[in-house]
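Structure first, then comments.
The values are calculated or read from the model by the stated rules, or taken from the named source; none is laboratory data. It should be emphasised that the depicted structure is a prediction, and the values quoted were computed from it without experimental measurement. With ideal geometry, Cβ positions are generated from the backbone for all residues, glycine too; neighbour counts draw on all protein chains shown.
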Amino acid sequence: MLNANTPDFARIHEFYDPVEICFLCDYLRIPRPDQLASISLKVGPDDRQGQSDDGFVRPVLGAGGSDTLIIENAVARLALNAIEERLPRWFGRNAAGEQVSSRRPKHARHTTTPLEPSYLFGINWASTGPGLDWPEHYHVAYFPGFEVLVVTASQDSTDVHGYLDQAIGWFPASANFEDSVETIISGWWQSQASCLQEHWEALLGEGLIDAGRAICWADAVWCSDDEDEEWID
């Protein structure tokens, strides 16, 4: 298990507010500073805002009241706050004919140093009907003060995970970048392959990770899974 370094809590308030520091510590398994130890991250069923009045991120329950990935979602929304408009979403119209979207507009956090995530790549898990795709896009964000990079996965629907965004892993800023990203995303795919999820159908975009690498990682996950099934037979 990775261990993150304990940050200098006296110097990171320019990046995060106290509640954000709390859920980052909980996610990275770092003891909270004594003055923040009593802050509760419990969320009420009617709290769907997900932000403070100043735009700082707050945990929220997922679709159907799920809290399975509540901390992972809060970390991901913090990582992705500055690029909310570029994340996957669906659009439709309600009974009144008004356009609706799976993502509500978010306020920018009131901080002098916003987090700037980088795009890794995107995939389409499957096309299950005309115009009905299941996209998933991956980003990585550096968290100053904590000196870690967090990898996120984003979808356009809450149908699968209960949330639109999840933090799926992190690694120290000093670690090898590509190896660490591969380990995290391959592990995320492996957890779904073990639940009989098939190899994704198509690449949707390239960023810091090109198509060749992404396809190679996926082939390693699903080919090894097929080989295990053949051995069992």
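In the condition set (1) closer than 30 Å to P135 by Cβ; (2) surrounded by fewer than 14 Cβ atoms within 10 Å (Cβ to Cβ); (3) aliphatic (A, V, I, L, M), A10 is compliant with all but (1). Evaluating T183 against the criteria (1) farther than 21 Å from L2 by Cβ; (2) assigned to a helix (DSSP H, G or I) leaves one unmet condition, (1). When V75 is tested against (1) part of a helix (DSSP H, G or I); (2) over 24 Å from I168 (Cβ atoms); (3) β-branched (V, I, T), exactly one condition is not met: (2).
A search for C-beta distances below 9 Å between a residue of region 9-21 that is within 19 Å of E72 (Cα to Cα) and any residue that is of a type in the set (G, A, S) and in a loop (DSSP other than H, G, I, E, B), counting only pairs 6+ apart in sequence or on different chains, returns F15/G145; Y16/G145; D17/S52; V19/S52; I21/G145.
Scanning region 109-150 for residues that are surrounded by fewer than 15 Cβ atoms within 10 Å (Cβ to Cβ), of a type in the set (S, T, N, Q) and either in a loop (DSSP other than H, G, I, E, B) or touching a His at 6+ places or on another chain (Cβ under 6 Å) (or both) yields a total of 2.
A search for C-beta distances below 7 Å between a residue of region 25-53 that is over 24 Å from I168 (Cα atoms) and without any contact (Cβ under 8 Å) to a residue 40 or more places away in the chain and any residue that is among the aromatic types (F, W, Y) and assigned to a loop (DSSP other than H, G, I, E, B), counting only pairs 6+ apart in sequence or on different chains, returns P33/F9. Could you say whether any residue in region 169-178 is at pLDDT 95 or above, more than 26 Å from L132 (Cα to Cα) and in a helix (DSSP H, G or I)? Yes, that holds for at least one residue. In the set (1) closer than 23 Å to H139 by Cβ; (2) in contact with a helix residue (DSSP H, G or I) (Cβ under 8 Å, 6 or more places away or on another chain), the condition left unmet by L69 is number (2).
Say whether the condition of being closer than 24 Å to C195 by Cα, among the small types (G, A, S) and in contact with an Asp or Glu (Cβ under 6 Å, 6 or more places away or on another chain) is met by at least one residue in region 89-111. Among the residues of region 89-111, not one is closer than 24 Å to C195 by Cα, among the small types (G, A, S) and in contact with an Asp or Glu (Cβ under 6 Å, 6 or more places away or on another chain), which makes the answer no. Under the condition of being surrounded by 10 or more Cβ atoms within 10 Å (Cβ to Cβ), assigned to a loop (DSSP other than H, G, I, E, B), in contact with a helix residue (DSSP H, G or I) (Cβ under 9 Å, 6 or more places away or on another chain) and at pLDDT below 90, the residues counted in region 26-51 number 2.
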